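What follows draws every value from the coordinates through simple rules; no lab data is involved. A quick note: this is a predicted structure, and the numbers were derived from the prediction, not measured. Cβ atoms come from the backbone with ideal geometry, glycine included; neighbour counts cover every protein chain shown.
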Amino acid sequence: MKLIFFTLFLATIAVQAQDLNAFNQARLKRDQGLMLSLGTWAVGNITAGSIGWATAQEPELKAFHQMNVMWNTVNLGLAIPGYIRARNTKAVLTLSQTLSEQQKTERILLFNSGLDIAYMTAGFLLRSMALNNQAKAAQFNGFGNGLILQGSFLFAFDLTAFAIHHRHGKQVLRFIEGRE
């Protein structure tokens with residue numbers, strides 16, 4: 001009888017570990033998709049921004065495109081290693097490590113959403129400063145509009161990424177409840 005219970009216990013642990021690995025693999029796949037999305041946005045903005053920067057006649061539009069190129073160089077610099085990390089990370093984690101990774105991801109995305117609001121605010125501040133500085137008004141307006149655009153995209157991106165991970169993360173509760 002003890003052997004039967006022990007065998008069932010081991011089988012339960014094996015199934016849970018397999019489910020946990022599948023959960024982590026799915027989390028990493030979501031990260032890969034999100035980093036591909038960010039990278040695609042970045043490449044599109046670098047391409048369009050470079051063309052706009054080179055061809056724009058109006059200083060404000062030139063500054064707008066310049067900001068988009070520079071901003072998305074950073075986005076691409078985050079997306080590439082983010083994708084590689086998600087692709088190369090092993091999905092074999094303990095329940096505690098899984099929970100920690102899930103919570104860390106969600107906290108980072110919420111923190112980033114706050115930064116995104118700061119970026120948009122900085123853009124509006126630059127546009128406001130343009131009213132009192134005619135010599136740099138075009139540059140301030142162009143840079144401000146670029147910050148507002150990029151901050152808005154990142155705000156939507158980070159909140160969407162949070163929602164995706166949070167919805168997926170609810171499955172961790174199933175593993176925790178299964179251990180009790």
Next on the checklist: What are the ³J(HN,Hα) couplings of segment 166-171, residue after residue, when phi is run through the Karplus curve with 6.51, -1.76, 1.60 and θ = phi - 60°? Round to Hz, x for glycine and proline.
Outcome noted: 5, 4, 5, x, 4, 5
Checklist entry - Tell me, Kirkwood radius of segment 123-180 from alpha-carbon pair distances, in Å? => result 14.1
Checklist outcome for this item: Here, segment 34-159 modelled as identical Cα point scatterers in vacuum has Debye log10 I(q)/I(0) at q = 0.17, 0.20 Å⁻¹ of -0.89, -1.10
Checklist entry - If you put +1 on each Lys and Arg Cβ and -1 on each Asp and Glu Cβ, how big is the dipole of the chain around its Cα centre, in Debye rounded to 20? => result 440
Checklist outcome for this item: Mean separation of Cα contacts under 8 Å (at least 6 apart) over the residue count of segment 26-179, i.e. the relative contact order in percent, is 29
Checklist entry - Please identify the trypsin sites (Lys or Arg not before Pro) of segment 66-136 that satisfy two criteria: DSSP loop assignment and at most 11 other Cβ atoms within 10 Å. Which are they? => result LYS90
